[in-house]
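> Dropping the structure in here first, questions after.
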């Protein structure tokens, strides 16, 4: 049974790679606006260290933009990366 890796602080691409390496799948992908580095994971469920069945989904929330102004002027494919 896989142990969920710590994805917090990783880029979405690196989090996907870490997720795939242990045999869990993509769960929900949510976004937030805030001061963390853009495209970095800020929360996950289940938490790091949890033991789950193979193929269990992991949900993440990632910062996409540092401000609402940036969010209206940019697009991101992080959700597609997470789900791939």
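> Being touching a strand residue (DSSP E or B) at 6+ places or on another chain (Cβ under 8 Å), farther than 13 Å from residue 81 by Cα and surrounded by fewer than 16 Cβ atoms within 10 Å (Cβ to Cβ) is the filter here, so list the residues in region 9-34 that pass it.
Correct list: 9, 22, 32, 33, 34.
> A further question follows. Does residue 71 meet the test of being surrounded by 12 or more Cβ atoms within 10 Å (Cβ to Cβ) and modelled with pLDDT of 95 or more?
In short, no.
> Over 13 Å from residue 83 (Cβ atoms), in contact with a strand residue (DSSP E or B) (Cβ under 7 Å, 6 or more places away or on another chain) and free of Cβ contacts under 8 Å to residues at least 60 places away in the same chain: does that describe residue 4?
In short, yes.
> Name, by its number, the condition in (1) buried (at least 16 other Cβ atoms within 10 Å of the Cβ); (2) in contact (Cβ under 8 Å) with a residue 24 or more places away in the chain; (3) under 16 Å from residue 83 (Cβ atoms); (4) within 14 Å of the chain's Cα centre (by Cα) that does not hold for residue 38.
(3)
> Within region 32-53, restricting attention to residues that are modelled with pLDDT of 95 or more and assigned to a loop (DSSP other than H, G, I, E, B), which residue is nearest to residue 7 (Cα to Cα)?
48
> Please state which of the following conditions residue 56 fails to meet, knowing it meets all the rest: (1) closer than 16 Å to residue 81 by Cβ; (2) surrounded by 16 or more Cβ atoms within 10 Å (Cβ to Cβ).
Exception for residue 56: condition (1).
> Here's a follow-up. If I filter region 60-67 for residues that are modelled with pLDDT under 90, part of a loop (DSSP other than H, G, I, E, B) and surrounded by 13 or more Cβ atoms within 10 Å (Cβ to Cβ), do I get at least one hit?
Yes: region 60-67 contains one or more residues that are modelled with pLDDT under 90, part of a loop (DSSP other than H, G, I, E, B) and surrounded by 13 or more Cβ atoms within 10 Å (Cβ to Cβ).
The values are calculated or read from the model by the stated rules, or taken from the named source; none is laboratory data. In this text, all values refer to a predicted model and were calculated from it rather than measured experimentally. Ideal geometry is used to build each Cβ from the backbone, glycine not excepted, and the neighbour counts take in all protein chains shown.
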